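The values are calculated or read from the model by the stated rules, or taken from the named source; none is laboratory data. Remember, predicted model here, so these are calculated numbers, not experimental data. Heads up, the Cβs are rebuilt from the backbone with ideal geometry, glycines too, and the neighbour counts pull from every protein chain shown. Note: areas computed on protein heavy atoms with side chains; ligands, DNA, RNA excluded. Shrake-Rupley method; radii C 1.70, N 1.55, O 1.52, S 1.80 Å.
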Amino acid sequence: RCLLKMVKGNIVVPEDILSFCCNGFQGSTSPPRAQEPGEQEEVPGAMASPSPTRNPTEVQMSQLVLPCHTNHRGELSTGQLLKWIDTAACLSAERHAGCPCVTASMDDIYFEHTISVGQVVNIKAKVNRAFNSSMEVGIQVSYEDLCSGKHCSICKAYATFVAQGPSGSKVKLKPLTPQTEEEKIEYSIAAERRRMRLVHKDTLKDLLTRSPRETELETRDGSAAVPAEKTRVESVELVLPPHANHQGNTFGGQIMAWMENVATIAASRLCHAHPTLRAIEMFHFRGPSQVGDRLVLKAIVNNAFKNSMEVGVCAEAYGQEMSISRRHINSAFMTFVVLDQGGRPCNLPMVAPEPGDGERRYREASARKKIRLDRKYVISCKQTEVPLSVPWDQSNKVYLSYNNVSALKTLVAKANWVLAREKEKVRMYTLEEDKFLSFRIEMSVRIAAGQAFSLLSDLRRRHEWDSHYASAELVQQVDNDDMIYHVVSQTLSHENKPQDFVILASRRKPCSKGDPYVVAFRSVTLPTHPASAGFTRGETVCSGFCIWPESEETSKVAYYNQATPGYLNYVTTNVAGLSSNFCATFKACEKFLLKNKEDLIVRLQDL
């Protein structure tokens, strides 16, 4: 709790179910998932009273929006908001690290609303997970209308900070222990978000490699293309002491604010109107700048779509000597829209890119838009969305894999599991939430966790222990961690046909000590394997294995599955038979693991 001290009269606030017989269904369901930055939510009270289990790294900031913080429309400048976000996140990171921290990167930020003069901005930041020398900080931003009492979410963001010791050396961070269910979910999924950041650039390069090299200009009736060169902006800023943080480096939030300023000017030159910033693409700080540096900020409209435009921004630094080459500090891509009086996006003029680099930026902007839409669609999948099988392609493979693993990790972190039955050391748990019923079946097996992980992640061998499996064919090796299988089940559907599935299997080794091995399953759609008349196409959206090492030779193997409302009647009337089926299938799984572990050891030694 905040401690209020009276100091000289002033108040101071200190710092399947195991088989696809139960897995397959045609109903609608939704994976448990962490809410992403673009989602809107009602905030019941952003600055509610602290709970007894409050995260020690949590920082809360409340700022009253004054005229000096706003743009010409009387709305809070996005640059000012970015300053406040970065400040709160940095303070949270330093609470955990106990030493100075610098902003390394910021994930995508989607701004859902604008904030007006007189309203209050509430920001809450806390460390989700600490890795070796970096940590992920989660930030929630909402606004509060003091007159009406209304609270509304503005955005969510995830920032990565690096702890720095003397002379800029990296500091090894102490581990963070999550306490609440929400913190355990964020802690678990933070490792998956970190993985997604590392492959973000590769995803773009791969998509560009597969797309045509020629630049195809979009055509629109009655609209002349505006040369991109006319939107170019270049501005220089002198870094003064007020622009620096407590370490003497240019404040990351200040750099972001300057970048937002030149990007807004570039966007205005295209549309001859006052644009609104809707999103900032994931970006990384490449190096620091100090007081006395000159920061050169460049912006240009890379591409304009029907209702939105992408502006590329670059920040470079140099000292007093012009002869010294400029240092690349940061690059970012910002998406703007122009709204009419009713708040609807207006149509925008086309952009004619410059030859060479301009055409490259034009193509990359189109690729980033596709990736961005795929990412929002996959991660923000609605509960009532049908079909559950999302089409798989090169542009969304990273985000489908992320969604697959994070959905399972979210289910694993739930707190209200109830032991339903225990038989022959096999334990069955259930979890009831709204209209969904989830199952967890677990047991201890005398096999190393890594060996169990290798055996259970290959669906082609599932039929050796699961009688509901007829066959599983590997149809696409996406990468070392993700595979797509076509699975045929022994189970007959209500149409008296065997069921088949197209399954994305995503494997993850532990990110740090205490993490489980994870094998997650979800349905996807492949054009090479459409639904056929001989089968009933089934779908699964959240199931898989988690394997925890208990010792060098023993591991706990758990299987998770979320059942749909249509399956609940079967469960209710067949609890005894279902429990026996679980037990028999899991005991068969144990025999499979024990039988094959010796063969696996020999194969691994050969490799």
Sorted by packing (mean other beta-carbon atoms within 10 Å per residue), highest first, where do 111-123, 516-528 land?
516-528, 111-123
Solvent-accessible area per residue for the range 97-215 at a 1.4 Å probe radius, Å²?
43 Å²
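Starting from 0.36 nm per residue, how many nanometres of slack lie between VAL236 and ASN307 once their C-alpha separation is accounted for?
Net length gain for the segment: 22.5 nm.
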Heavy-atom accessible area of the range 239-326 with neighbours in place, 1.4 angstrom probe: carbon+sulfur share in percent works out to 52 percent
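Sort 233-244, 55-66 by packing, meaning the average of other beta carbons within 10 Å per residue, with the highest value first.
Details: 233-244: 14.2, 55-66: 17.3.
The peptides rank, most packed first, as 55-66, 233-244.
What is the percent carbon and sulfur in the accessible area of the range 387-606, measuring with a 1.4 Å probe over the protein chains and ignoring ligands? Don't skip to the answer; put the middle values down first.
Details: 4700 of 9450 Å².
Roughly 50 percent, rounded to a whole number.
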How large is the dipole of the range 387-606 about the Cα centre if only Lys and Arg carry +1 and Asp and Glu carry -1, each at its Cβ, rounded to the nearest 20 debye?
320 debye
Simple SL model, points at 7 angstrom along Cα→Cβ for VAL291 and GLU432; separation in nm is 6.3 nm
Stretch LYS425-LYS497 to full length: gain in nm at 0.36 nm per residue minus the Cα-Cα span?
22.4 nm
Once both labels are modelled 7 Å past Cα along the beta-carbon direction, what's the VAL199-THR528 spacing in nm?
1.8 nm
Determine the relative contact order of the range 387-606: mean sequence separation of Cα pairs under 8 Å and six or more apart, normalised by residue count, in whole percent.
25 percent
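So, R0 is 51 Å and r is the distance between the beta-carbons of ASP340 and GLN477; what FRET efficiency does that work out to, to 0.05? Please list the in-between numbers first.
Working: r = 49 Å, r/R0 = 0.95.
Calculated transfer efficiency: 0.55.
If the limit is 22 Å between Cα atoms, which of LYS156/LYS184; LYS170/LYS205; LYS423/LYS509 go over it?
On the way: LYS156/LYS184 18 Å; LYS170/LYS205 30 Å; LYS423/LYS509 29 Å.
With Cα atoms farther than 22 Å apart: LYS170/LYS205; LYS423/LYS509.
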Any idea of the accessible area per residue across the range 387-606, 1.4 Å probe, to the nearest Å²?
43 Å²
Eigenvalues of the Cα gyration tensor times 5, then square-rooted: what semi-axes does that give for the range 55-149, in whole angstrom, largest first?
27, 13, 11
Give the accessible surface of the range 248-345 per residue, rounded to a whole number of Å², with probe radius 1.4 Å and ligands, DNA and RNA excluded.
39 Å²
Expressed in µm² per second, the diffusion coefficient of the range 279-325 from the Stokes-Einstein equation, with Rh the Kirkwood radius over alpha carbon pairs, at 10 °C and 1.306 mPa s, is 122 µm²/s
Candidate aspartates and glutamates for bridging to LYS597, where Cα separation is under 16 Å - those fewer than 8 sequence places away on the same chain excluded
ASP458, GLU464, GLU552, GLU553, ASP606
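Write down, largest first, the equivalent ellipsoid semi-axes of the range 387-606 in whole Å, where each equals the square root of 5 times an eigenvalue of the alpha-carbon gyration tensor.
Working: eigenvalues 123, 103, 65 Å².
Its equivalent ellipsoid spans semi-axes of 25, 23, 18 Å.
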